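Working notes, beginning with the structure itself.
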Amino acid sequence: MSSTEEKPIHRDRSLDTALRPTSWDDYIGQEQVKANVNIVLTAAKKRGDMPEHLLFYGPPGVGKTTLAHLIAKSLESPLKSTSGVAIERASDLAAILTNLEPGTILFIDEIHQLSHKIEELLYPALENGSLDIVLGKGPSARTVELTLPPFTLVGATTRVAQLSSPLRSRFGGGVYQLDFYTDEDIQEIIRRSAKVLDLNPSEDTIVGVASRSRATPRIANALLKRVRDFAEVHERELSGQVCNEACALFGIDRLGLTKDDYRYLKALEKRFHGGPAGVRSIAAALHDDAETLEQVYEPFLLRLGFIERTLRGRILTESGRAYLSDGTFL
């Protein structure tokens, strides 16, 4: 690939970074979480200490990573980012922890992916700032305790129930749930992003993008850029009509549901007579995997009230049946 072909890709990644809020005022929504985190940070600053460890959980794209960046910026601390799936061995964790600068914010995304063995190694690191390393094998093996530089762990997960209770209890700064956003907050996020992208969308465009954003900032920003691209290619202004046409082409309906969401609901209605049906059975019918259904499709369908999770399985609600019967999908 030539250098001229790489530039648009690099610029689009730069835009993704530019759209990330850089101050607490820019971070719209999640007011209770922000208030609690600021208390933890302010109290730590007054004591001259590092804040206690913090854990954020919630659906993908609701701002967990952004909070880690803002925490590091507030403390004027370096930020080290990694993910649970990247830490496979004890040596991986040891290399990360022993190379931290004093006062670092260590951000572990999808922290529920850590193995039980890695979790156990983390316990003394989080409690007293030490790491136990085993040197050698067999009868000659010995344990060496390493003193770690002061740091604060910020964990993020979409599946908090998969974290062990001992690990959750080590987050003394608090365990905070980030939920879906209100329509008003999403619209404000889109207005801010439009300014960053140097766009001038109509109010109808802002409302149209927000209503299809699944109450998630990451999706709102991605959809705004796609609608922008559609308007640029067709040499049209960013209007409500252009937004509707673009989203119809993208396969996104007025509520933000996609063809995959629609297939899920139709399968539950037709194949399983409205339920109850087990998630694995639905996944098999859709030729998909159960984890994708639980993490990608179901959270928003639950928020809309189109399905219910029961002990016997998933059930299509009356609202879900009404949505399917009105024939308005795309």
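Got at least one residue in the stretch 220-232 being under 26 Å from Val33 (Cβ atoms), open to solvent by 60 Å² or more (accessible area, probe 1.4 Å), in contact (Cβ under 8 Å) with a residue 12 or more places away in the chain and in a helix (DSSP H, G or I)?
no
Can you name the residue in the stretch 84-95 that is open to solvent by less than 30 Å² (accessible area, probe 1.4 Å) and under 24 Å from the mean Cα position of the chain (by Cα) and is also nearest to Thr157 (Cα to Cα) among such residues?
Only one residue tops the list, namely Gly84.
Residues of the stretch 70-83 that are open to solvent by 40 Å² or more (accessible area, probe 1.4 Å), in a loop (DSSP other than H, G, I, E, B) and of a type in the set (Ser, Thr, Tyr): none at all. State whether the residues of the stretch 246-266 include one that is assigned to a helix (DSSP H, G or I), open to solvent by less than 10 Å² (accessible area, probe 1.4 Å), over 29 Å from Arg20 (Cβ atoms) and not basic (Lys, Arg). The answer is yes; a qualifying residue exists.
So that you can scan it fast, the table gives a plain yes or no per residue for (1) crowded, with 16+ Cβ neighbours inside 10 Å; (2) of a type outside the set (Ser, Thr, Tyr):
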residue: Ser193; (1), (2): yes, no
residue: Ser202; (1), (2): no, no
residue: Ala210; (1), (2): yes, yes
residue: Ala215; (1), (2): yes, yes
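Results for (1) more than 30 Å from Gln113 (Cβ to Cβ); (2) modelled with pLDDT of 95 or more, shown as yes or no for each residue.
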position	(1), (2)
Ala220	no, yes
Arg228	yes, yes
Val233	yes, yes
Ala246	yes, yes
Asp253	yes, no
Tyr264	no, yes
Gly275	yes, no
Asp289	no, no
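Annotation note: Cβ proximity below 7 Å between a residue of the stretch 109-122 that is polar (S, T, N, Q) and a residue that is at pLDDT below 90 and open to solvent by less than 20 Å² (accessible area, probe 1.4 Å) (sequence gap 6+ or interchain) occurs for no pair.
Just a yes or no: is a residue in the stretch 189-197 within 19 Å of Leu304 (Cα to Cα) and either charged (D, E, K, R) or more than 26 Å from the chain's Cα centre (by Cα) (or both)?
Let us first name the residues in the stretch 189-197 that are within 19 Å of Leu304 (Cα to Cα), namely none.
No: the stretch 189-197 contains no residue that is within 19 Å of Leu304 (Cα to Cα) and either charged (D, E, K, R) or more than 26 Å from the chain's Cα centre (by Cα) (or both).
The values are calculated or read from the model by the stated rules, or taken from the named source; none is laboratory data. Just so we're clear, the structure is a prediction, and the values are computed from it rather than from any experiment. No Cβ is skipped: glycine too gets one built from the backbone with ideal geometry, and neighbour counts run over all protein chains shown. Only protein heavy atoms, including side chains, enter the accessible area calculation; ligands, DNA and RNA are left aside. Shrake-Rupley method; radii C 1.70, N 1.55, O 1.52, S 1.80 Å.
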